[in-house]
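We did not get these values from a lab; they are worked out from the coordinates using the rules stated. Since this is a predicted model, take the numbers as computed values, not measurements. Every residue, glycine as well, gets a Cβ built from its backbone with ideal geometry; the counts of neighbours run over all protein chains shown.
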Amino acid sequence: MAKDNFNCPICECTRSETLFFSKKEDYGDILRCSDCRFVTVFPIPSNEIITSSYLGLYKERENMEAVDQLKFSQVRPSVSYYFSKIDSSKKSNRIKFLDIGGGLGYYSASAKELGMTPYLIDLDSESLNFAKDVLGIQKVFQGTLETFCASTDEKFDLILLRHVIEHLPDPNHIIAKIKSLLSENGVAIIETPNNKSIEAFLNFGLGKDFIRKLSKNYSDVSFRTLIKKRVYAMRPPIHLNAFEISNFQVLMERNDLKISEYKTYRLGDPIFWPNFKSYNSNGLKNFFKSISFIILRSVFSRKEYSGIFLSVTHKE
């Protein structure tokens with residue numbers, strides 16, 4: 001069923017298919033663009049609903065008193081990999097690193113260890129206080145990317161948008177802002193869940209939890225319908241969008257940017273998803289579930305792995 005007044009923020013197509021209907025009047029249905037297959041919620045929930053979902057988000061589940069050394073050790077290889085994407089001729093200079101939606105600031109702190117000057121943007125004041133007071137990140141900004149752009153004329157050599165773009169109402173607007181902040185030879189790193197993936201649904205605990213959360217607000221949510229419709233990681237009002245590699249190719253072309261490298265990766269990947277265990281092998285029952293999960297996911301192609309990594313630059 002098409003949705004009246006829909007306009008795809010990726011390709012501007014006005015045709016769509018409704019995948020799941022909302023049970024809440026102020027949430028919006030989950031739609032797929034008929035042209036580029038971008039999945040989004042429509043209409044987008046109000047700013048008040050979205051913002052309220054993030055206040056104190058990390059305080060509920062993270063140690064906000066001291067540095068988590070395990071988390072730090074997981075983050076360092078990731079930031080080193082991102083750092084390797086910068087033109088080697090620039091590494092002798094002071095590199096400016098922008099972490100958009102960086103939460104507690106561990107990626108920014110790791111960038112600082114590598115000699116970069118980190119800037120951290122987030123909506124959550126509690127997270128920014130931790131980043132500044134505990135991790136020593138001095139350049140923090142509370143607000144949206146749009147308000148940050150209005151407050152600075154800085155250009156950045158490495159911009160990180162890690163598992164953030166799926167949270168934002170207008171991806172095209174965000175990519176345009178990133179382009180405006182990216183230095184001439186700079187690199188933007190974008191990561192997000194891969195909407196073609198079914199790996200998470202093969203993980204028994206993770207799949208069950210995802211279905212439980214989505215079914216609270218949407219009708220006809222089940223393992224069967226999610227596999228059929230390929231709606232991975234959509235959880236409004238937290239996750240508002242879902243992407244495939246092909247969506248990004250359209251989005252970058254529209255903003256006159258170039259994807260210099262892309263790949264997909266699995267849950268628990270030591271570089272891209274180090275803080276996400278792909279399965280739990282504690283106990284005999286879970287051991288056999290884990291083996292089943294590994295065997296099942298081995299039959300799927302790399303295109304169906306859970307995460308997307310993009311390295312983006314200006315067009316030459």
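Roughly how many whole Å is it from the C-alpha centroid of region 206-251 to that of region 129-171?
Each part's Cα centre sits 26 Å from the other's.
Enumerate the aspartates and glutamates that residue 177 could reach by cross-link, defined here as Cα to Cα under 14 Å, with residues fewer than 8 away along the same chain left out.
99, 146, 153, 154, 256
What spacing in nm lies between the two simple spin-label points modelled at residue 315 and residue 302, each 7 Å away from Cα in the Cβ direction?
About 2.6 nm, to one decimal.
Please give the residues of region 129-147, grouped as numeric ranges, whose backbone N is less than 17 Å from a label point set 7 Å along the Cα-to-Cβ vector of residue 113.
Under 17 Å, as judged by backbone N against the label point of residue 113, lie 131-132, 134-138 of region 129-147.
Under 18 Å Cα-Cα from residue 258, which aspartates and glutamates qualify once same-chain neighbours fewer than 8 residues away are excluded?
87, 157, 184, 191, 244, 316
Here is the link list: 179/303; 3/96; 85/139. Which ones come out longer than 32 Å on Cα distance?
Pairs exceeding the cut-off: 3/96.
Mind checking the full-extension length gain between residue 212 and residue 246? Use 0.36 nm per residue of separation minus the Cα-Cα distance, one decimal, nm.
9.4 nm
Taking 45 Å as R0, compute the FRET efficiency from the Cβ-Cβ separation of residue 88 and residue 224 and round it to 0.05.
Calculated transfer efficiency: 0.35.
How many nm is it between the label spots at residue 262 and residue 173, if each spot is 7 Å from the Cα in line with the beta carbon?
For the pair residue 262/residue 173, the computed spacing is 2.4 nm.
Amide H of residue 232 versus every other amide H placed in the peptide plane: which residues, excluding those fewer than 5 positions away on the same chain, fall under 5 Å?
Distant-sequence amide H within range of residue 232: zero hits.
Here are some values of mean projected area of the Cα convex hull in nm²: (1) 23.5; (2) 16.5; (3) 15.8. Which one was computed from this structure?
(2)
Can you check what the net charge comes to around residue 230, using other residues whose Cβ is under 10 Å from the Cβ of residue 230 (Lys, Arg +1; Asp, Glu -1)?
Every neighbour counted, the sum reads +3.
Nearest 0.05, what FRET efficiency do residue 72 and residue 25 give at R0 = 41 Å with Cβ-Cβ as r? The partial results should precede the final answer.
Numbers: r = 43 Å, r/R0 = 1.05.
Efficiency, from the Cβ-Cβ distance: 0.40.
So for region 4-146, taking the charge dipole from beta-carbon charges (+1 Lys/Arg, -1 Asp/Glu), which of 93, 143, 6 sits furthest toward the positive end?
Working it through, the farthest residue towards the positive pole turns out to be 93.
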